[in-house]
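**Q** I have a structure here, written as structure tokens, and I will follow up with some questions on it.
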Amino acid sequence: MKLFKNIKINRDPNKSHIPFRLNFLFFIVFLLFAALIAQLAYLQVDYGQKFRSEVNSANNTTATGNVQRGSVYDSTGRVLVGNKSHQAIQYTKGLSVASTKMYEVANKLGEYLTISTDTLTDRNLADYYLAGASNLKAVAKKVTTSTDETVLYAREVAYVEKNLTSNMTSTQKNAAAIYYKMSSAYSLSTVNIKSTGVTSTELAEIGEHQSQMPGIKVGTSWTRSYPNGTDLSSVLGTVTTEKQGLPSDNIKTLLAEGYSRDDSVGQSQLEKQYENVLRGTKSQTEVKTQDGVIQKEIKKYGGQKGDNVQLTINSKFQEKVQNIIMSAAKTAGSGNPYSPGAYAVVLNPSTGAVYALAGASRNLSTGKVTENALGTINQSFVMGSVVKGATVMGALQDGVITPTNSTLTDTPIKLAGTAAKTSWFNKTGATSLSLNASTAMEVSSNSYMMQLAMKEGNFTYASGKALTMSTSVFSKLRGYFNEFGLGVKTGIDLPGEATGYQGTNEIGKALDLSYGNYDAYTTVQVAQYIATMANGGSRIAPHVVSAITGTNSDGTQGAVKTNVKSRVLNTIDVPSSYFDVVHQGYWDVVHGTSTYKTGSTLASITPAVAAKSGTAETFHGTTATETLSLATYAPYKNPKVAIAIVFPGMNNSTESKINMVTAQEIYSAFWKYYNK
């Protein structure tokens with residue numbers, strides 16, 4: 001450094017201080033940018049069109065394909081809903097395929113393949129006919145020209161529909177049906193031309209001439225199968241067919257989720273509720289095209305079959321209960337012209353697991369009885385005295401009675417301006433009984449329940465007095481009913497559940513509500529109500545699915561992926577002594593000592609059961625009818641099963657015990673299958 005110590009540098013303030021080497025570097029960078037810009041201009045101007053053509057003529061795109069839906073198994077592993085595979089003739093549409101090309105392929109394919117033409121419209125036939133270049137040219141000479149291509153084509157279609165479609169041959173119609181299916185595909189999507197019933201001759205001839213029909217191939221399609229019968233078909237639900245395609249009310253959402261327009265999708269009940277589980281993951285295929293024609297397809301991902309759904313329902317027990325209900329509905333209808341059917345729900349009171357949903361609808365005109373298990377969740381009926389346990393529990397919670405002070409006298413209720421309302425055993429007042437809450441349930445006292453309602457409405461009853469309660473008593477009574485599932489959705493894992501029917505707040509009807517002769521409930525609501533009573537106050541959502549499982553490599557049911565947990569909707573947090581009162585009432589209905597106990601028919605069942613029967617006064621038009629219902633659980637000390645049964649529209653001139661006889665048969669079947 002000493003060499004430079006005494007050197008003095010004189011700087012000229014008017015001269016640039018940027019070194020020559022830096023200036024030279026800037027110059028080189030400038031030249032490079034200029035060359036790059038020149039090259040870009042050269043490529044854009046001289047070769048732009050060429051490159052655009054190459055991009056349009058060659059392309060690699062990923063196409064997706066359908067996979068099998070997951071299966072539905074019963075609680076023992078039996079297949080309730082599976083898949084049946086079919087060889088199918090399919091068409092994968094290339095990029096920018098002209099209608100004239102599809103016309104040629106449709107005609108060629110029509111030489112070897114026959115499909116249904118039943119749904120062809122004149123418009124379909126016209127579109128096919130005009131896809132032929134020579135046909136279009138000939139028709140164009142017959143119509144008034146227009147500069148608007150849409151208007152011109154509409155005129156051409158109208159001409160063909162009017163003059164030519166009626167004379168088309170069966171061969172042309174077959175080709176038109178093929179063309180229609182081909183034209184429904186969008187670029188690089190695959191549609192089934194014929195998904196079932198393809199013959200060996202068709203397969204052989206198409207395979208031999210496949211090279212002459214771009215986009216046509218042999219593939220596989222699946223349809224739903226029911227190897228163990230259709231006793232639960234209304235609950236299992238359905239999937240859309242290829243013809244139906246995606247549901248119109250949800251098509252935009254489904255398309256956004258990756259569905260194709262002709263995909264099968266769950267459209268009702270279990271198939272719809274668990275669509276995301278059952279649908280699976282589509283296969284992925286890399287498609288190489290040249291000039292819009294598919295040159296090569298390379299499968300990158302084979303897809304994943306949908307996961308399986310395992311039910312809480314034993315199909316053998318379900319079949320038995322369904323047969324019991326079908327038979328009982330026929331019996332009920334034989335002497336009751338207005339009987340619309342019968343329904344039963346069997347479930348686990350501790351978990352909410354549904355053991356059986358059985359229903360039968362009866363056509364009032366023909367008397368024909370058909371399966372309608374779904375009616376257990378979407379048909380509501382006035383149930384009668386079966387709800388009196390909830391009335392008693394509400395009065396205990398409201399404090400108008402206590403477990404040790406609940407005695408009232410059954411007497412006809414006579415209010416100003418109305419006919420007397422009485423219990424079934426005390427129509428005249430000659431059989432007035434002193435009853436506590438449990439014995440009032442045993443003999444099914446209407447008078448006792450009405451007196452509880454009046455107390456909850458702060459009304460002091462006296463014979464002949466006008467009823468002046470506030471209508472707020474309705475919300476109070478219904479609130480207590482709702483706690484147990486009556487008048488609210490139960491939360492069952494199926495779509496379309498009804499909430500029941502709630503009458504108007506006409507004050508006199510509050511008394512009818514108290515003993516179950518006003519609002520209407522579904523059978524599954526009654527089942528949830530009695531299950532909540534049986535388990536000590538936990539209202540649990542019923543569920544028909546127990547687990548989601550995978551699939552083994554051999555196609556059998558695989559390991560559990562997700563177990564469905566019980567869902568407690570609310571808890572009735574009251575002293576156990578309140579439940580003791582109601583439980584004793586249910587026991588006394590069947591095993592009590594009163595001459596007027598209403599459930600003695602069930603006394604022979606083992607293990608011993610508790611129950612509450614119901615008889616509601618109803619009408620079909622002006623004809624008086626009645627609904628017979630039953631809510632029951634067993635064993636009494638440690639409940640394992642709860643059952644709800646309803647027979648609406650019965651003849652009110654007979655004293656049928658069909659509800660209890662049906663319960664005996666269901667209990668017998670349950671213990672047989674439960675113990676297994």
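The values are calculated or read from the model by the stated rules, or taken from the named source; none is laboratory data. A quick note: this is a predicted structure, and the numbers were derived from the prediction, not measured. With ideal geometry, Cβ positions are generated from the backbone for all residues, glycine too; neighbour counts draw on all protein chains shown.
**Q** Could you list, in sequence order, the residues of segment 323-342 that are outside any helix (DSSP H, G or I) and either on the phi < 0 side of the Ramachandran plot or at pLDDT below 95 (or both)?
**A** If the condition is that a residue be outside any helix (DSSP H, G or I) and either on the phi < 0 side of the Ramachandran plot or at pLDDT below 95 (or both), then 335, 336, 337, 338, 339, 340, 342 are the ones that fit.
**Q** Report whether or not residue 551 is surrounded by fewer than 22 Cβ atoms within 10 Å (Cβ to Cβ), out of contact with any Phe, Trp or Tyr (no Cβ under 8 Å at 6 or more places or on another chain) and either of a type outside the set (Gly, Ala, Ser) or touching a residue at least 60 places away in the same chain (Cβ under 8 Å) (or both).
**A** In short, yes.
**Q** Right, something else. Check segment 204-215 and report whether any residue there is closer than 24 Å to residue 85 by Cα, part of a helix (DSSP H, G or I), out of contact with any Phe, Trp or Tyr (no Cβ under 8 Å at 6 or more places or on another chain) and of a type in the set (S, T, N, Q).
**A** yes
**Q** Now, a different point. Just checking, which of 622, 593 is within 27 Å of residue 407 (Cβ to Cβ) and surrounded by fewer than 21 Cβ atoms within 10 Å (Cβ to Cβ)?
**A** Only one candidate passes the filter, namely 593.
**Q** Residue by residue through segment 136-150, note down the ones that are more than 44 Å from the chain's Cα centre (by Cα), surrounded by fewer than 17 Cβ atoms within 10 Å (Cβ to Cβ) and part of a helix (DSSP H, G or I).
**A** Hits for segment 136-150 are 137, 138, 140, 149.
**Q** Moving to a separate point now. Run down 468, 490, 428 and say which single residue is among the polar types (S, T, N, Q), in a loop (DSSP other than H, G, I, E, B) and closer than 20 Å to residue 348 by Cβ.
**A** 490
**Q** Can you find a residue in segment 650-657 that is at negative phi, modelled with pLDDT of 95 or more and of a type in the set (Gly, Ala, Ser)?
**A** For segment 650-657, residues at negative phi, modelled with pLDDT of 95 or more and of a type in the set (Gly, Ala, Ser): absent.
**Q** Looking at 663, 631, 610, which one is modelled with pLDDT of 95 or more, in contact with a Pro (Cβ under 9 Å, 6 or more places away or on another chain) and surrounded by 20 or more Cβ atoms within 10 Å (Cβ to Cβ)?
**A** Among 663, 631, 610, only 610 is modelled with pLDDT of 95 or more, in contact with a Pro (Cβ under 9 Å, 6 or more places away or on another chain) and surrounded by 20 or more Cβ atoms within 10 Å (Cβ to Cβ).
**Q** Residue check, residue 467 against (1) under 24 Å from residue 373 (Cα atoms); (2) touching a Leu at 6+ places or on another chain (Cβ under 8 Å); (3) modelled with pLDDT of 95 or more, all met but one. Which one?
**A** Condition (1) is where residue 467 drops out.
**Q** How many of the residues making up segment 536-587 are within 26 Å of the chain's Cα centre (by Cα) and part of a strand (DSSP E or B)?
**A** 21
Yes/no per residue for (1) surrounded by 15 or more Cβ atoms within 10 Å (Cβ to Cβ); (2) of a type in the set (A, V, I, L, M, F, W, C):
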residue	(1), (2)
407	no, no
464	no, no
470	no, no
482	yes, no
498	yes, yes
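**Q** Which one of the conditions (1) surrounded by fewer than 24 Cβ atoms within 10 Å (Cβ to Cβ); (2) closer than 26 Å to residue 345 by Cβ; (3) at pLDDT 95 or above does residue 422 fail to meet, given that it meets all the rest?
**A** Only one criterion in (1) surrounded by fewer than 24 Cβ atoms within 10 Å (Cβ to Cβ); (2) closer than 26 Å to residue 345 by Cβ; (3) at pLDDT 95 or above is unmet by residue 422, namely (2).
**Q** Which residues, taken from segment 500-535, are surrounded by fewer than 24 Cβ atoms within 10 Å (Cβ to Cβ), in a loop (DSSP other than H, G, I, E, B), over 23 Å from the mean Cα position of the chain (by Cα) and not polar (S, T, N, Q)?
**A** Of everything in segment 500-535, those that are surrounded by fewer than 24 Cβ atoms within 10 Å (Cβ to Cβ), in a loop (DSSP other than H, G, I, E, B), over 23 Å from the mean Cα position of the chain (by Cα) and not polar (S, T, N, Q) turn out to be 503, 506, 507, 508, 518, 519.
**Q** I need the strands (runs of 3 or more DSSP E) fully contained in segment 343-413, keeping only those with at least 2 residues that are in contact with a Lys or Arg (Cβ under 9 Å, 6 or more places away or on another chain).
**A** Result: 354-362, 369-371.
**Q** Could you check, for segment 441-453, whether at least one of its residues is in contact with a Gly (Cβ under 6 Å, 6 or more places away or on another chain), touching a residue at least 12 places away in the same chain (Cβ under 8 Å) and either surrounded by fewer than 14 Cβ atoms within 10 Å (Cβ to Cβ) or over 22 Å from residue 539 (Cβ atoms) (or both)?
**A** yes
**Q** Taking segment 569-590, which residues are β-branched (Val, Ile, Thr) and surrounded by 15 or more Cβ atoms within 10 Å (Cβ to Cβ)?
**A** Result: 572, 581, 582, 589, 590.
**Q** Restricted to segment 357-371, and to residues that are crowded, with 24+ Cβ neighbours inside 10 Å and in contact (Cβ under 8 Å) with a residue 60 or more places away in the chain, which residue is farthest from residue 543 (Cα to Cα)?
**A** Out of the qualifying residues, it is 359.
**Q** Working only within segment 100-133, note down all residues that are polar (S, T, N, Q), surrounded by fewer than 17 Cβ atoms within 10 Å (Cβ to Cβ) and in a helix (DSSP H, G or I).
**A** 100
**Q** Among the candidates 351, 312, 281, single out the residue that is more than 21 Å from residue 217 (Cβ to Cβ), β-branched (Val, Ile, Thr), surrounded by fewer than 21 Cβ atoms within 10 Å (Cβ to Cβ) and at pLDDT 75 or above.
**A** 351
**Q** State all residues of segment 630-667 that are among the polar types (S, T, N, Q) and either assigned to a strand (DSSP E or B) or touching a residue at least 12 places away in the same chain (Cβ under 8 Å) (or both); if no residue qualifies, say none.
**A** If the condition is that a residue be among the polar types (S, T, N, Q) and either assigned to a strand (DSSP E or B) or touching a residue at least 12 places away in the same chain (Cβ under 8 Å) (or both), then 632, 651, 652, 654, 656, 659, 662, 664 are the ones that fit.
**Q** What are the residues in segment 431-451 that are assigned to a helix (DSSP H, G or I) and among the hydrophobic types (A, V, I, L, M, F, W, C), if any?
**A** Selection gives 437, 440, 441, 449, 450.
**Q** Pick out the one residue from 191, 198, 218, 160 that is buried (at least 17 other Cβ atoms within 10 Å of the Cβ) and farther than 26 Å from residue 126 by Cβ.
**A** 198 is the lone residue from the list that is buried (at least 17 other Cβ atoms within 10 Å of the Cβ) and farther than 26 Å from residue 126 by Cβ.
**Q** List the number of the failed condition for residue 366; all other conditions in (1) of a type in the set (Val, Ile, Thr); (2) within 27 Å of residue 563 (Cβ to Cβ); (3) modelled with pLDDT under 95 hold.
**A** Here residue 366 clears every test but (2).
**Q** What tally of residues in segment 374-399 results from selecting those that are touching a residue at least 60 places away in the same chain (Cβ under 8 Å) and over 27 Å from residue 652 (Cβ atoms)?
**A** Looking only at that region, the number is 7.
**Q** Pick out the one residue from 159, 179, 186 that is among the aromatic types (Phe, Trp, Tyr) and part of a loop (DSSP other than H, G, I, E, B).
**A** Step by step, each of 159, 179, 186 is checked, and only 186 is among the aromatic types (Phe, Trp, Tyr) and part of a loop (DSSP other than H, G, I, E, B).
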